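Peer 1: Before anything else, here's the structure in question.
The values are calculated or read from the model by the stated rules, or taken from the named source; none is laboratory data. Computed from a predicted structure; not experimentally measured. As a convention, Cβ positions derive from the backbone with ideal geometry for all residues, glycine included, and neighbour counts pool all protein chains shown.
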Amino acid sequence: MQVSDGRSADGTKEQQTEFDAEPILGVSHVTKSFGAVAAISDASISLHRGEAHGLVGENGAGKSTLVKMLAGVHQPDSGQITIDGVPVTLGSPAAARDAGIAVIYQEPTMFPDLSVAENVFMGRMPRQSGGRLDRDSMRRQVITVLEMLDVRLDPDRAARGLSIADQQIAEIAKALTLDARVLVMDEPTAALSAAEVERLARVIETLRARDAAVLFISHRLDEIFNICQRVTVMRDGRSVLARPAGDLTSDELVRAMVGRDVEHRQLTRGAIGDVVLSVDRLTQEGNFVDISFELRAGEIVGLGGLVGAGRTEIAQAIFGIERYDAGSVTVAGQPLKKGSPSAAMQAGIALVPEDRRQHGLVMDESIERNVLLASLASVTRRGLIAGELARETSKTWLDRLQVKYGRLSDPVTTLSGGNQQKVVLAKWLRRNPRVIIVDEPTRGIDVGTKAEVHRLLEELAEQGVAVLVISSELPELLLLADRILVIREGRLVREIPRAAASEESVIAAAAGAYTEQAA
Amino acid sequence: MSSESRGRVRARGLVRWESALVVILIAVVLFGVAESSTFWSTTTIFFGGLDIGQVAIMALPMTMIILTGEIDLSVASMLGLGCAVFGYAFEHHTGVVGAMLIALAVGAIGGALNGFLVARVGLPSIAVTIGTLTMFRGIAEILLGQSEVSGFPPSLEQIGIAPIFLHLAYPFFFFLVLAAIYGVVVHRTAFGRSLYAIGLNTEAAFFAGIRVRRTKFLLYVVSGVICAATGIIYSLQAASAIYTAGTGLELNVVAVVLFGGISIFGGRGSVIGVVLSVIIVGLTEVAFTTINISSQEQQVIFGGLLLLSVVVPNVGEVRNRIRGRVRRAAPPVSAGGGL
């Protein structure tokens, strides 16, 4: 496989004569570090008129940081961004907008009580003489844009209740009324149905026909091949490949993303022990049905499936966050009371939740208080928190997990995402759980920390902890799990042992093929 | 402004607010001494404490409740109900101790009602406790009507006349003892830390195994008991039990707590701030009264101080809000995945 650096993007231009010589958007050799972590060490990308350009890479490869640079949220430490060949500084979101760049997020934020048209024109509503809002003009412009996109969406309806797909369309309409020429779509399809993805693909076609350039980020390679003319691959903060999509096979793409053969765990862990967690016919109406599985000491079990399949709900039901309607959970032979996180904790279960900021941490509290929040009893002496012991204990755990922090009393918001996640892990590990459930443990954290988290989970398994990993990243599941339970639409459809596990087998089960082999 | 720097501004603001309270306290004392020759005297300590005593005591359970992001507006009505039950029971020959126990039990039941509706049913505490504010006072009126119960043992009625020691009035002394307990519980125990966690992020607290509902329920029960106890103290202090006791004090209680630096949004502030706030308000009232500032003018001044207390600890936040509300509405910069 030919792995090339950013320069080969220029090389491909010769083959792509249909594009203008001058890209609308040029990013060349930008870098960006957050503290000690290099999020982007050398990324280049160029977008041409009428092009849909795929950007792929594993989580943590630097795609989102690149998007934030284009959105004006982050500024590159070095390197250059050009619009029509002219260097620009995207110092703020407003500057990015003025430069003609619009970013469509996976889940747009809209004002639920305002109409679609009002949302589109938020902050710049046209006025009539006398200062009254010119609603007619607003509606007309929105209708024109929506017609052009060939999308049916009522401009007068309130945004509340719009599907994510429709919200994205509204954001695209907004971009068009702003005369954006570069549309950056950050994983727009992650939460869309197949039909919605198809509609989005048509919209992108229309945008291309109007000479706009689209940067399309997705983890789904088939979409990349269907929608994009060229692809740039990022890995570990570098753009490692830029080529016409037609010249690539999906195998080549995957190899470029991963950069190596996916390394399987070398160390053989201790023998797998007794059943510690047993879930029997767990059912929660509307979310999951008849989920049964067992977790043994020293075992890492993966919970795979599409976003929204019900994995998080299962984890939270086991831990007692939500109640379930039928079934039972048993820990080491003892039935577990439902609906009580404190009971689950007493039984030795820990849950590292998916939403770190809302559920994992009290963001405004200090690092120390967050580390200790789930285990205050252990630093309490005669009813009072022993200050010195509390500090020493949290320091020990932060050091053990190699958290980079300033002072214990700093609010946890001062930490990077990866270090915040380590604080969550520290909080749970110091309870010495016998079952630990980790829900998307490496989402949004850097490559280095990600590897550390993986190693940590493996060490826990070695020490005899039963680990349940929920991850939407297949490489992560394949790397860690001894077996993978695949959840589809709230049902456990297949159990795949490590030997038989591959991206294909998991995706096939998650998406609905091979159901006859259901476990 | 990032949430990071916002957090820092807030943390610094709080440190400054408690120092600011000390400065205000000194200023009040200097003002009082300058304006009135009788201010610097033991009578000030005694009557100031007597005056602020009920508000001060009720401010403590209120502090905990506001720390968790809730509120209890029924405190003053519970004082009235405690007073009425105490008087009613005493009238019906339960003996003074029996009457006290019955009043405290009613406080617990009333608090449990608040706690049940807020913590279990999940109703907004402001609505629930406005409801019980009316209800408790109504029950008090049904019990006592316009009558006054008096004739408590003279030894107990001393608390309205004589200091307990060092010129401290009984209710104020009771407040100080209770405040010491509250200070330890809030700042030195796991329970206290959980209150802050609940106030700052209820969900994260729940995910960390904190029994959020049980905690809130307990706080309301304790509030009911302490407010009923305040009602008993009121009866003895005034040597008579009437159903109107403490009417309208709930807002003074909230004001004292907020002035002490407890954030109305929960999760911020300290007991020492509330103690300083109580002392300041008590001394100010004495000072204003000795120099004949009308109660209307006093209210304007207290109102201004209260606003100041909400604004100053949150200067950074307030400035941000005034400047850039719209920016807060901008879409989140991260929509999952990546760095």
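Peer 1: Name the residue that is farthest from the other protein chains (Cβ to nearest Cβ), counting only residues in the range B:307-339 that are modelled with pLDDT of 60 or more and buried (at least 19 other Cβ atoms within 10 Å of the Cβ).
Peer 2: Restricting to residues being modelled with pLDDT of 60 or more and buried (at least 19 other Cβ atoms within 10 Å of the Cβ), the top hit is B:309.
Peer 1: Specify which of the listed residues (A:108, A:76, A:112) is part of a loop (DSSP other than H, G, I, E, B) and in contact with an Asp or Glu (Cβ under 7 Å, 6 or more places away or on another chain).
Peer 2: Just one listed residue meets the conditions, A:108.
Peer 1: Residue A:460 fails exactly one of the following numbered conditions: (1) in a helix (DSSP H, G or I); (2) within 22 Å of the chain's Cα centre (by Cα). What is the number of that condition?
Peer 2: (2)
Peer 1: Restricting to the range A:373-400, and then to whatever is outside any helix (DSSP H, G or I) and among the polar types (S, T, N, Q), can you tell me which residue is farthest from residue B:190 (Cα to Cα)?
Peer 2: In this case the residue turns out to be A:375.
Peer 1: So, of the residues in the range A:443-460 that are modelled with pLDDT under 85 and in contact with a helix residue (DSSP H, G or I) (Cβ under 7 Å, 6 or more places away or on another chain), which turns out to be surrounded by the most Cβ atoms within 10 Å (Cβ to Cβ)?
Peer 2: Taking the candidates together, the pick is A:446.
Peer 1: Right, another one. Given the options A:140, A:97, A:152, A:135, name the one that is of a type in the set (Lys, Arg) and in the same structural domain as residue A:173 (by TED's automatic domain parsing).
Peer 2: A:97
Peer 1: Moving to a separate point now. So, in the range B:33-43, of the ones that are within 16 Å of residue B:167 (Cβ to Cβ) and touching a Ser or Thr at 6+ places or on another chain (Cβ under 9 Å), which residue ends up surrounded by the most Cβ atoms within 10 Å (Cβ to Cβ)?
Peer 2: For the range B:33-43, the residue satisfying everything is B:39.
Peer 1: Quick one: which of B:126, B:102 is free of Cβ contacts under 8 Å to residues at least 40 places away in the same chain, β-branched (Val, Ile, Thr) and either surrounded by 15 or more Cβ atoms within 10 Å (Cβ to Cβ) or farther than 15 Å from residue B:225 by Cα (or both)?
Peer 2: Of the residues listed, the single one that is free of Cβ contacts under 8 Å to residues at least 40 places away in the same chain, β-branched (Val, Ile, Thr) and either surrounded by 15 or more Cβ atoms within 10 Å (Cβ to Cβ) or farther than 15 Å from residue B:225 by Cα (or both) is B:102.
Peer 1: Across the range A:80-101, what is the number of residues that are within 11 Å of chain B (Cβ to nearest Cβ) and within 17 Å of residue A:24 (Cβ to Cβ)?
Peer 2: 1
Peer 1: Among the listed residues B:136, B:152, identify the single one that is modelled with pLDDT under 95 and either away from chain A (no Cβ under 14 Å) or not in a helix (DSSP H, G or I) (or both).
Peer 2: On inspection, the qualifying residue turns out to be B:152.
Peer 1: Name the single residue that is surrounded by the most Cβ atoms within 10 Å (Cβ to Cβ) among those in the range A:47-74 being farther than 18 Å from residue A:418 by Cα and in contact with a His (Cβ under 8 Å, 6 or more places away or on another chain).
Peer 2: Restricting to residues being farther than 18 Å from residue A:418 by Cα and in contact with a His (Cβ under 8 Å, 6 or more places away or on another chain), the top hit is A:47.
Peer 1: Here is a follow-up. Quick check on my filter: what residues within the range A:476-512 are charged (D, E, K, R) and either within 25 Å of residue A:271 (Cα to Cα) or part of a helix (DSSP H, G or I) (or both)?
Peer 2: Passing the criteria: A:476, A:482, A:483, A:494, A:495, A:498, A:503, A:504.
Peer 1: So if I check each of B:204, B:255, which one is surrounded by fewer than 24 Cβ atoms within 10 Å (Cβ to Cβ) and either of a type outside the set (Lys, Arg) or within 14 Å of another protein chain (Cβ to nearest Cβ) (or both)?
Peer 2: B:255
Peer 1: Before we move on, is residue A:126 free of Cβ contacts under 8 Å to residues at least 60 places away in the same chain, within 22 Å of residue A:172 (Cβ to Cβ), of a type outside the set (Val, Ile, Thr) and away from chain B (no Cβ under 13 Å)?
Peer 2: Spelling it out, residue A:126 is indeed free of Cβ contacts under 8 Å to residues at least 60 places away in the same chain, within 22 Å of residue A:172 (Cβ to Cβ), of a type outside the set (Val, Ile, Thr) and away from chain B (no Cβ under 13 Å).
Peer 1: Quick one: is residue B:50 at pLDDT 95 or above and part of a helix (DSSP H, G or I)?
Peer 2: no
Peer 1: Moving on. Under 7 Å by Cβ, and 6 or more places apart or on different chains, what pairs join a residue from the range A:49-68 that is within 8 Å of chain B (Cβ to nearest Cβ) and closer than 17 Å to residue A:449 by Cα with one that is part of a strand (DSSP E or B) and of a type in the set (D, E, K, R)?
Peer 2: Matching pairs, first to second residue: A:61/A:235; A:65/A:32.
Peer 1: Here's something else I'd like to know. Among the listed residues A:423, A:435, identify the single one that is buried (at least 19 other Cβ atoms within 10 Å of the Cβ), hydrophobic (A, V, I, L, M, F, W, C), over 30 Å from residue A:235 (Cβ atoms) and more than 11 Å from chain B (Cβ to nearest Cβ).
Peer 2: Checking each option against the conditions leaves just A:435.
Peer 1: What pairs can you find where one residue is in the range A:203-218 and over 18 Å from residue A:186 (Cβ atoms), the other is in a helix (DSSP H, G or I), and their Cβ atoms are less than 7 Å apart, with a gap of 6+ or different chains?
Peer 2: A:206/A:148; A:206/A:149
Peer 1: Hey, another quick one. Applying the selection to the range A:390-407, what residues are away from chain B (no Cβ under 13 Å) and on the phi < 0 side of the Ramachandran plot?
Peer 2: A:391, A:392, A:393, A:395, A:396, A:397, A:398, A:399, A:400, A:401, A:403, A:404, listed by residue number.
Peer 1: Where the second residue is among the hydroxyl-bearing types (Ser, Thr, Tyr) and the first is closer than 16 Å to residue A:313 by Cα and lies in the range A:428-443, which pairs have Cβ atoms under 8 Å and are six or more apart or on separate chains?
Peer 2: A:439/A:312; A:440/A:471; A:440/A:472; A:441/A:471
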